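Enquirer: Next up is a structure, given as structure tokens.
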Amino acid sequence: MLHRIERLNAIGTALSAETDTPRLLEIILLGAKELTGADGGSLYILAGRALNFELIHTTSLGLHMGGTSGRPVTFPPIPLDLADGAPNLHNVVTTAINEQRLVNVPDAYQDQRFDFSGTRAFDQRTGYRSQSFLSVPMQDHEGKIIGALQLLNAIDPATGRVIPFSSEDEGLVASLASQAAIALTRKRLIDGLKELLQALIRLIANAIDDKSPHTGGHCRRVPAITMALARAVNADDGPRFGTVHFTEQEMEELEMAAWLHDCGKITTPEFVVDKHTKLETIFDRIHLVDARIEILRRDLEIAGLKARLAAAGSAPAQPGDDSGGGADQQRLDEQQEFLRRCNVGGFFVDNQAREQLAAIAGQRIRLAGGEELPLLTENELYNLSVARGTLTDEERQIINNHSDASLRMLETLPFPDYLRRVPEIAGGHHERMDGKGYPRGVPAGQLSLQSRILAIADIFEALTASDRVYRKPNTLSETLTIMARMCREGHIDRELLTLLIDSEAYLDYARQLLRPEQLDTVDRARILAILD
Ligand SMILES: [Fe+2]
Ligand SMILES: [Fe+2]
């Protein structure tokens, strides 16, 4: 008995260490068989009002289905209720569940309590003889039944004959079943929390993607190319990455960082993330400027009409008379057209244009109460004077802050130990090899390999994305050529980019997520030559 208790303890220890469900099921069933000397056994998990066969093991028949066997169990689930809704008490295992108790049948062929017709049919087909049964419900820490263990044919080690399960067997299996239930429930709770965390991460990523329709799927697609490159690192046996191998947990950590890398954008105002024109704030202020020009135009018209009225008393209007302000009206039209052009990000505002803007801005509008306003406010003039693109330096800074915001937000989360580097990896996706990146601006030596992978994935996605309105998507060779140049300028990791190009790790991603016309032939030698 002492030996069996020691075995029970050893099995309990193995149960608490195991994190893989199929292996957990094997430890439970094989442990129960070993403790009782049973020839066969089944493990069932409760799903609604039915028991699913999860694992079947019969030593003498060489039968092994479910668990780690790689062969699915082909038997149908067993309903706990009969057709009329009454609890099924004809079957040993359903009785153990329905009555929440252990059921011990010394000899099925002598038993009158249960219907063993199915068992007999099985025996007839296989030549087996199913004799002694022991069914035990598995109850978790809250007393909830999660499944059952059923053992078949206890074998007397001395004679090799089938004997009934003893009361000692009952105690040992009951104890094992309760430990097993707790281990399975714990695994379920952990899996449930992991799934919830994954769903929450995707929810945040999708919310950020939805903020800007023009960079739509970025947060969703970056993880795909990140993991493709990480797998290429694992597969590579060259001098640089031959000794690097990301474990399963490190891959999980990297994928989570990829999903969350732009999470800081949640704090970036929408009009900055998606600023189409220079005067756009919450709305595009060009319409305000248009309205002010309209005031000037009408003032001119009124002045002209007043002059005509006054002149009508003395002399008739002459041809070519400009008292309606025709020349001034034309000047206003030209100014309005110029302002509209300056408002577009693609228009380059040089020094001359900037002077012209300042001159236009200084024009005064007189309101009804006599108050005067400039045609453009200081802030409007400042925004329209942006040389390239739509963003002012301050707004560019706000955008750049997102990786710092990602880092700070993620640092507040209590990541479990194996995910502790998520903030560092995610927060480093805009760092550069030459130390000119942001937010930390640290040189290559201080950047983890994972954050360099993510930086490459981030750029690859942005260059190949087809949802940017301001340009057409690059083909694969255009993308890799641009990236090779960026690499030469110190942006990204040379060895990782070489690996990406050499391994063609981008191909599956490209086939699934890019347009067919983007998949051109990549001249690897030519692009790699840019790197030298
Ligand atoms: Fe970013
Ligand atoms: Fe990004």
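Enquirer: Considering ALA10, ALA47, ALA17, which residue is more than 21 Å from SER130 (Cβ to Cβ), surrounded by fewer than 18 Cβ atoms within 10 Å (Cβ to Cβ), at pLDDT 90 or above and assigned by TED's automatic domain parsing to the domain that holds SER166?
Expert: Answer to the selection: ALA47.
Enquirer: On to the next question. Which of the residues that make up segment 239-292 are more than 16 Å from ligand 2 (Cβ to nearest atom) and basic (Lys, Arg)?
Expert: Once the filter is applied, which keeps residues that are more than 16 Å from ligand 2 (Cβ to nearest atom) and basic (Lys, Arg), segment 239-292 yields ARG240, LYS275, LYS278, ARG285, ARG292.
Enquirer: Read through the list (1) closer than 20 Å to ALA32 by Cα; (2) at pLDDT below 95, then give the number of the only condition that ARG125 fails.
Expert: (1)
Enquirer: Let me confirm something: among ARG202, ARG221, ARG240, ARG161, which residue is out of contact with any helix residue (DSSP H, G or I) (no Cβ under 8 Å at 6 or more places or on another chain) and not acidic (Asp, Glu)?
Expert: The unique qualifying residue is ARG161.
Enquirer: On to the next question. Look at segment 51-74 and say how many of its residues are among the hydrophobic types (A, V, I, L, M, F, W, C), without any contact (Cβ under 8 Å) to a residue 40 or more places away in the chain and surrounded by 15 or more Cβ atoms within 10 Å (Cβ to Cβ).
Expert: Going residue by residue through segment 51-74, those that are among the hydrophobic types (A, V, I, L, M, F, W, C) are 51, 53, 55-56, 61, 63, 65, 73.
Keeping just the survivors that are without any contact (Cβ under 8 Å) to a residue 40 or more places away in the chain gives 53, 55-56, 63, 65, 73.
If we keep only those that are surrounded by 15 or more Cβ atoms within 10 Å (Cβ to Cβ) as well, we get 53, 55-56, 65, 73.
So the answer is 5.
Enquirer: Related question: Among all residue pairs at least 6 apart or on different chains, which show Cβ distances below 8 Å where the first residue, located in segment 180-192, is at negative phi and assigned by TED's automatic domain parsing to the domain that holds LEU55 and the second is open to solvent by less than 40 Å² (accessible area, probe 1.4 Å) and of a type in the set (D, E, K, R)?
Expert: The qualifying pairs are ALA181/ASP140; ILE182/ASP140; ALA183/GLU18; LEU184/ASP140; THR185/ASP140.
Enquirer: Now, a different point. Exactly one of (1) farther than 27 Å from ASP417 by Cβ; (2) part of a helix (DSSP H, G or I) is unmet by ALA230. Its number?
Expert: In the conditions (1) farther than 27 Å from ASP417 by Cβ; (2) part of a helix (DSSP H, G or I), ALA230 misses (1) alone.
Enquirer: Hey, among LEU454, LEU463, LEU419, LEU449, which residue is away from ligand 2 (no atom under 16 Å from the Cβ) and under 18 Å from THR498 (Cα atoms)?
Expert: LEU449
Enquirer: Out of (1) small (Gly, Ala, Ser); (2) over 24 Å from GLU504 (Cβ atoms); (3) away from ligand 1 (no atom under 13 Å from the Cβ), the odd one out for ALA228 is which?
Expert: Every listed condition holds for ALA228 apart from (2).
Enquirer: Right, LEU176: part of a helix (DSSP H, G or I) and farther than 17 Å from LEU29 by Cβ or not?
Expert: Working: part of a helix (DSSP H, G or I): yes; farther than 17 Å from LEU29 by Cβ: no.
So LEU176 fails the test.
Enquirer: Restricting the search to segment 27-43, which residues are crowded, with 20+ Cβ neighbours inside 10 Å and not β-branched (Val, Ile, Thr)?
Expert: Residues satisfying the conditions are LEU29, GLY31, ALA32, LYS33, LEU35, ALA38, ASP39, GLY40, GLY41, SER42, LEU43.
Enquirer: In a helix (DSSP H, G or I), assigned by TED's automatic domain parsing to the domain that holds LEU29 and surrounded by fewer than 19 Cβ atoms within 10 Å (Cβ to Cβ): which single residue out of ARG120, ARG129 fits that description?
Expert: ARG120
Enquirer: In segment 260-271, how many residues are crowded, with 21+ Cβ neighbours inside 10 Å and in a helix (DSSP H, G or I)?
Expert: 4
Enquirer: Another one. Could you check segment 30-72 and list, in sequence order, the residues that are within 33 Å of the chain's Cα centre (by Cα), in a loop (DSSP other than H, G, I, E, B) and not polar (S, T, N, Q)?
Expert: Within segment 30-72, GLY48, GLY67, GLY70, ARG71, PRO72 qualify.
A quick yes/no check of all residues on (1) outside the structural domain of ALA455 (by TED's automatic domain parsing); (2) surrounded by fewer than 16 Cβ atoms within 10 Å (Cβ to Cβ); (3) within 19 Å of ALA465 (Cα to Cα):
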| site | (1), (2), (3) |
| --- | --- |
| GLU168 | yes, yes, no |
| ALA177 | yes, no, no |
| ALA199 | yes, yes, no |
| LEU229 | no, no, yes |
| ALA232 | no, no, no |
| ASP236 | no, no, no |
| THR247 | no, yes, no |
| ALA258 | no, no, yes |
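Enquirer: Moving on. Taking the stated definitions as given, is ALA207 open to solvent by 40 Å² or more (accessible area, probe 1.4 Å), assigned to a helix (DSSP H, G or I) and among the small types (Gly, Ala, Ser)?
Expert: Yes, satisfied.
Enquirer: Confirm whether ASP404 is away from ligand 1 (no atom under 16 Å from the Cβ), open to solvent by 40 Å² or more (accessible area, probe 1.4 Å) and among the charged types (D, E, K, R).
Expert: No.
Enquirer: Tell me which residues, restricted to segment 420-462, are hydroxyl-bearing (Ser, Thr, Tyr) and open to solvent by less than 10 Å² (accessible area, probe 1.4 Å).
Expert: SER451 - this is the single residue of segment 420-462 that is hydroxyl-bearing (Ser, Thr, Tyr) and open to solvent by less than 10 Å² (accessible area, probe 1.4 Å).
The values are calculated or read from the model by the stated rules, or taken from the named source; none is laboratory data. Just so it is clear, the model here is predicted, and its values are computed rather than measured. Cβ: placed from backbone, ideal geometry, glycine included. Neighbour counts: every protein chain shown. When the accessible area is computed, the model is the full protein with side chains, heavy atoms only, and any ligands, DNA or RNA have been set aside. Shrake-Rupley method; radii C 1.70, N 1.55, O 1.52, S 1.80 Å.
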